[in-house]
Amino acid sequence: MAEDESDREPTSQDARLTSLDERLKRAERVEDERRPGADSRLLRRSAGSQLAQNLVGMPFGGFVVGFLFDQWFGTVPWIALALMFIGFAGGVLQLMKAGKQSPDKDAGKQ
């Protein structure tokens with residue numbers, strides 16, 4: 001008799017789990033239809049942080065490399081300043097390039 005109960009229990013649990021999985025999948029589909037822009041917000045945020053990193057990182061990288069060249073050639077601060085401004089120009093160009101792209105391409109075509 002104990003064996004009969006244990007045989008039935010996993011089957012009923014499997015049916016309940018299967019039913020639960022189906023209900024969860026339906027709920028996830030409904031939620032995805034309700035909020036289609038969640039991924040696009042994440043893409044925009046990551047694109048924004050990438051642009052901010054370019055605007056800070058390119059001039060900083062140019063300055064560091066320029067400072068090393070300045071130390072090597074004995075021309076402190078001129079190469080560092082020149083490469084810093086070139087890095088800033090590169091960051092602005094990246095910003096302009098990103099501004100020209102359509103938002104549908106970057107946002108995963110809502």
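The values are calculated or read from the model by the stated rules, or taken from the named source; none is laboratory data. Everything quoted here is computed from the prediction, not taken from an experiment. Note that each Cβ is placed from the backbone with ideal geometry, even for glycine, and that neighbours are counted across all protein chains shown.
Remark: pairs (first residue in region 77-95, over 11 Å from VAL65 (Cα atoms); second residue part of a helix (DSSP H, G or I); Cβ separation under 6 Å; 6+ apart in sequence or on different chains) = ILE86/GLY62; PHE88/PRO59; GLY90/MET58; GLY91/ASN54; GLY91/LEU55; GLY91/MET58; GLN94/ASN54; LEU95/LEU51. For region 42-65, the set of residues classified as at pLDDT 90 or above and over 16 Å from LEU95 (Cα atoms) consists of PHE60, GLY61, GLY62, PHE63, VAL64, VAL65, listed by residue number.
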